[in-house]
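The values are calculated or read from the model by the stated rules, or taken from the named source; none is laboratory data. Everything numeric in this text was worked out from a predicted model, so none of it was measured. Note that we place each Cβ from the backbone using ideal geometry, even for glycine, and neighbour counts take in every protein chain shown.
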Amino acid sequence: MKRFLDTLSASELIPILNSINDAIFIDSSDGHSLWCNDACKELYKVTPEEIRGVHILELEKSGIFTPSVAKLVMEKKEEVTIIHENKDGKKLLSTGTPIFDHTGKMSKIVTTSRDITELTSLQNQLESVQKTLKQIESLETFSSDKIIASSRAMRNVMQLARRLASVDSTVLITGESGVGKGVIAKHLHENGARKDFPFITVNCGAIPENLIESELFGYERGAFTGSRNEGKKGLFEAAQNGTIFLDEISELPLNLQVKLLQVIQDREFTRVGGVDRIPVDVRIISATNKELLSLVRNDKFREDLYYRLNVVPINVPPLRERPEDILPLLQSNLAKYNEKLHEHKTLAPSALSILLRYPWPGNIRELQNIMERLILTTRDKTITEDNLPVFIKNSAQIQPVQSDDMSLNAALERAEKEILARALAEHKSTRAMAKALKVSQPTIVRKLHKYGLTIGDTK
């Protein structure tokens, strides 16, 4: 190669260098510009005539180089590569190379610069996609197969639940009926130190008042008419070393609220008809869909018990306040009941659109029931708008947006989310969605993450 170059004259070499897309500068060893090729006009807005004989420090001061790579080569006496910007804000990758003569003395400096703006943009997009995918993966770690945490509100709940799982504090879970309070309670147990011991659920509203004490604390032999001769352990004993979940705690009778308070304080109890104190080591998690403080004010719930139970509260928001979770919940339950019922039903985009707008007053429990019903009652393979219950279609009708109800941005976001949800239902991949909606794939990934539409194939 060197032998070939040696045979070229300057008149032959210069056209070759000018044909190269990279900008090329040649400077003397003391920093004076000698020559540059035609690409320098595009990247640096200079010509050979303008810079010939000008010192690189002057060119740096004028803002042509920020900084001058040749100056760095002069200082270090070795090859230097940097990433910087030109006057137009383009990203440039520049490499300065010292040329030494036969005595080892630096005679010239050759600098090449390449526009990497597009490459940098693609790299940033790739990093954005990778970041989004990592965030999606991290969302999955928040949840079991029964918990969807795509919305910010639900992610906050799961973050708090994750922290509380590692401690033994008493927790009160609040929220409307059907939001999944029991699932959160089980998540706390299964991710805590007591996971290898029992998890006992007690529905305080489902046990007759005359039986609830014996169910909770057990009874001794002959404690009452109809009792077992050998007596019976209660649910607190059954939960020893594990967790007892007191659902619908607001339904607990006042007389038993006193006994529960004593158990929490003393960590021991007596069976019905017994005198022996039985030590108990359990974590107590309770839940209610009622406003306990209001019951306290009306003397229907003990204030001292309320504060004992409400050491750390977790409020699970209703589904209408976390609409980002609706689509993944629909998809998850569609798959769940398809498998359970040995079906392969799909949701038509029109049906999905209506289900996304429905307020779900019964929350997740209602959503699960509806999905199971639709799979059972739909004869065709596709669940269409006609298969939906009338009350859902009526409740989900699009209401005209009033200026005092919603800003323009909010209305646009609602429309954008609905379009994305329909596209996701139709196309199954971000690449296909991008092609259909005529935007880039990174834009689709970013938008899906924004609206919590992250379940399904996003490759």
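Within the stretch 105-117, does at least one residue satisfy the condition of being of a type in the set (A, V, I, L, M), surrounded by 17 or more Cβ atoms within 10 Å (Cβ to Cβ) and in a helix (DSSP H, G or I)? No, because not a single residue in the stretch 105-117 is of a type in the set (A, V, I, L, M), surrounded by 17 or more Cβ atoms within 10 Å (Cβ to Cβ) and in a helix (DSSP H, G or I). GLN262 falls short of the stated requirement of being of a type in the set (S, T, N, Q), within 39 Å of the chain's Cα centre (by Cα) and surrounded by fewer than 17 Cβ atoms within 10 Å (Cβ to Cβ). Residues considered: THR97, THR81, THR66. Of these, the only one that is at pLDDT 90 or above and under 15 Å from ASP115 (Cα atoms) is THR81. Looking at the structure I just gave you, is PRO361 part of a helix (DSSP H, G or I) and either in contact (Cβ under 8 Å) with a residue 12 or more places away in the chain or basic (Lys, Arg) (or both)? For PRO361, the condition - part of a helix (DSSP H, G or I) and either in contact (Cβ under 8 Å) with a residue 12 or more places away in the chain or basic (Lys, Arg) (or both) - is not met. Sub-9 Å Cβ pairs linking a first residue in the stretch 261-275 that is free of Cβ contacts under 8 Å to residues at least 12 places away in the same chain to a second residue that is assigned to a loop (DSSP other than H, G, I, E, B), at least 6 apart or interchain, are ASP266/ARG277; VAL275/GLU220, ordered by first then second residue. For the stretch 35-90, the set of residues classified as small (Gly, Ala, Ser) and outside any helix (DSSP H, G or I) consists of GLY53, SER62, GLY63, SER68, GLY89, listed by residue number. Annotation: of all residues in the stretch 9-34 being farther than 20 Å from THR81 by Cα and part of a loop (DSSP other than H, G, I, E, B), the one that is modelled with the highest pLDDT is SER19. Of all residues in the stretch 95-111, those that are of a type in the set (Asp, Glu) have Cβ atoms under 7 Å from Cβ atoms of residues that are surrounded by fewer than 16 Cβ atoms within 10 Å (Cβ to Cβ), 6 or more apart or on another chain, in ASP101/SER107. Counting only residues that are farther than 23 Å from ILE147 by Cβ and out of contact with any strand residue (DSSP E or B) (no Cβ under 6 Å at 6 or more places or on another chain), which one in the stretch 343-372 is surrounded by the fewest Cβ atoms within 10 Å (Cβ to Cβ)? If we take residues in the stretch 343-372 being farther than 23 Å from ILE147 by Cβ and out of contact with any strand residue (DSSP E or B) (no Cβ under 6 Å at 6 or more places or on another chain), then HIS344 is surrounded by the fewest Cβ atoms within 10 Å (Cβ to Cβ). Being at pLDDT below 90, under 27 Å from GLY242 (Cβ atoms) and among the hydroxyl-bearing types (Ser, Thr, Tyr) is true for just one of THR170, THR174, THR141, THR103. Which residue is that? Only one candidate qualifies: THR141. The set of residues in the stretch 426-441 being hydroxyl-bearing (Ser, Thr, Tyr) and outside any helix (DSSP H, G or I) consists of SER429, SER440. Of note, TYR307 does not satisfy the criterion of being of a type in the set (Ser, Thr, Tyr) and crowded, with 20+ Cβ neighbours inside 10 Å. When residues in the stretch 215-255 are screened for being among the aliphatic types (A, V, I, L, M) and either modelled with pLDDT under 90 or under 14 Å from LEU309 (Cα atoms) (or both), 5 of them pass. So, in the stretch 333-342, exactly how many residues are buried (at least 18 other Cβ atoms within 10 Å of the Cβ) and either modelled with pLDDT under 90 or among the hydrophobic types (A, V, I, L, M, F, W, C) (or both)? The number of residues fulfilling the criteria is 1. For the stretch 181-209, a residue qualifies if it is closer than 13 Å to LEU246 by Cα and small (Gly, Ala, Ser), and the qualifying residues are GLY182, ALA185, GLY205, ALA206.
Take SER151 and tell me if it is surrounded by fewer than 12 Cβ atoms within 10 Å (Cβ to Cβ), modelled with pLDDT under 90 and of a type outside the set (D, E, K, R).
Numbers: surrounded by fewer than 12 Cβ atoms within 10 Å (Cβ to Cβ): no; modelled with pLDDT under 90: yes; of a type outside the set (D, E, K, R): yes.
No: the conditions fail for SER151.
Of the helices (runs of 4 or more DSSP H) lying entirely inside the stretch 239-342, those containing at least 2 residues that are of a type in the set (Asp, Glu) are 303-309.
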